[in-house]
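Peer 1: Pasting in a structure now, in structure tokens, and then I'll have a few things to ask.
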Amino acid sequence: MIRDSWFTIQEIDSSTFAISEYGHWENVHSFLLIGEEKAALIDTGLGIDQIKRITDQLTNLPITVLTTHVHADHIGGHGEFERIYVHEKDSDWLRNGIKGLPLEQIRKDIGRDITIPAPETFDPTTYTPYQGEPAGLIADGDVMDMGNRKLMIYHTPGHSPGHLCVFDETNGYLFTGDLLYDETPVYAFFPSANPIDLVQSLERISEIKNVSMVYGSHNTLGLDPDILKEVKLAVKFLRENELVRFGTGVHEFDGFSVRF
Ligand SMILES: [Zn+2]
Ligand SMILES: [Zn+2]
């Protein structure tokens, strides 16, 4: 297995890898899915170090970057790749940055609580999130055929307007981005978020059949698919108690929580 000063590489199976950043408080995961003809990289991490150094060691195939959403912790290495895809509703943020989110805030969040040595090239005081033109847009229902495996794209807005989940139909892996993970609240409390959309998206992914494992973008790597049953109950609870709106706070469920 690859050893690296910044990234932790874990083999999910012989053609699927998690590339994680445990040295940073956000515990971000990016995922490399290798097919017969091409590879997909789901997000590119924090941009503290160069993720392409890792993907180059794992595959020679051309890499298509699938962006779960345009937040700094998911697009950090986008500049290292040619073929970047994003949902239309987050594409303006990719080109022009997130309106209303001060750069000082991004720099504060990227630079704090780092527990392992960051590379010398990283300077939180000058850190600037990636901005650029995507190679193309991806939308709900799109299928990425990688030869021996098929990836289905689900548009799952709420945390961001153009948030996507990726379902590897062939292996049953559901990559949920910032829509579902454990330990810290999934959040939709800031102005560009939408609690109603988030709950609808949670409901939608809870109905996906034949999920073998759930991979969120933060915290524990790999969640038992039973969490989707809890998601179903959570959706019902939140709606019945009229909690699906801004300002209702943190709602705890078995295995995950949501903050509005
Ligand atoms: Zn996010
Ligand atoms: Zn995130």
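The values are calculated or read from the model by the stated rules, or taken from the named source; none is laboratory data. Everything quoted here is computed from the prediction, not taken from an experiment. Using ideal geometry, Cβ is built from the backbone for each residue, glycine included, and neighbour counts are taken over all protein chains shown. These accessible areas exclude ligands, DNA and RNA; they are computed on the full protein's heavy atoms, side chains included. Shrake-Rupley method; radii C 1.70, N 1.55, O 1.52, S 1.80 Å.
Peer 1: Packing-wise, with mean Cβ within 10 Å as the measure, how do 109-115, 49-55 rank, highest first? It would help to have the intermediate numbers written out before the result.
Peer 2: Numbers: 109-115: 14.4, 49-55: 20.6.
Most protected by this proxy first, the peptides run 49-55, 109-115.
Peer 1: What ratio of Cα Rg to 2.2 N^0.38 Å holds for region 8-259?
Peer 2: Numbers: Rg = 17.1 Å, N = 252, 2.2 N^0.38 = 18.0 Å.
Compactness ratio reported: 0.95.
Peer 1: Under 8 Å for C-alpha pairs, at least 6 residues apart: give me the relative contact order for the chain, rounded to a whole percent. The partial results should precede the final answer.
Peer 2: Values: 574 pairs, mean separation 38.0, N = 260.
About 15 percent, as a whole number.
Peer 1: Enter the mean projected area of the convex hull around the alpha-carbon atoms of region 1-128, in nm², rounded to one decimal. Kindly include the intermediate steps, with their values, before the conclusion.
Peer 2: Values: hull surface 31.6 nm².
Averaging across all directions leaves 7.9 nm² for the Cα convex hull.
Peer 1: Restricting to Cα pairs below 8 Å that are 6+ residues apart, what does the relative contact order work out to for region 97-246? Please round to a whole percent. Before the final figure, lay out each step's value.
Peer 2: On the way: 218 pairs, mean separation 24.2, N = 150.
Normalised by residue count, the contact order of region 97-246 is 16 percent.
Peer 1: Going from most exposed to least, what order do Asp140, Asp73 have by accessible area with a 1.4 Å probe? Before the final figure, lay out each step's value.
Peer 2: Values: Asp140 70, Asp73 15 Å².
Largest accessible area first, the list is Asp140, Asp73.
Peer 1: Follow-up question, since we're still on this one. Ignoring ligands, DNA and RNA, please state the percent of accessible area on region 152-237 from carbon and sulfur, probe 1.4 Å. Each step should come with its number before you reach the end.
Peer 2: On the way: 1740 of 3180 Å².
Answer for region 152-237 is 55 percent, counting heavy atoms of protein chains only.
Peer 1: How would you rank 24-36, 146-158, 239-251, highest first, on the average number of other Cβ atoms within 10 Å across their residues?
Peer 2: Values: 24-36: 21.5, 146-158: 19.2, 239-251: 12.8.
Descending packing order for the listed peptides: 24-36, 146-158, 239-251.
Peer 1: So, for the chain, what is the accessible surface per residue at a probe of 1.4 Å, expressed in square angstrom? Spell out each step's value before the answer.
Peer 2: Values: 11540 Å² over 260 residues.
On a per-residue basis, the chain sits at 44 Å².
Peer 1: Let me ask you something else. For Arg245 and Gln105, FRET efficiency with R0 = 35 Å and r from the beta-carbon atoms, rounded to 0.05?
Peer 2: Working: r = 24 Å, r/R0 = 0.69.
Given R0 = 35 Å and the Cβ-Cβ separation, E is 0.90.
Peer 1: Given region 194-256, what whole percent of its Cα pairs are spread farther than 17 Å?
Peer 2: Details: 819 of 1953 pairs.
It works out to 42 percent of all Cα pairs.
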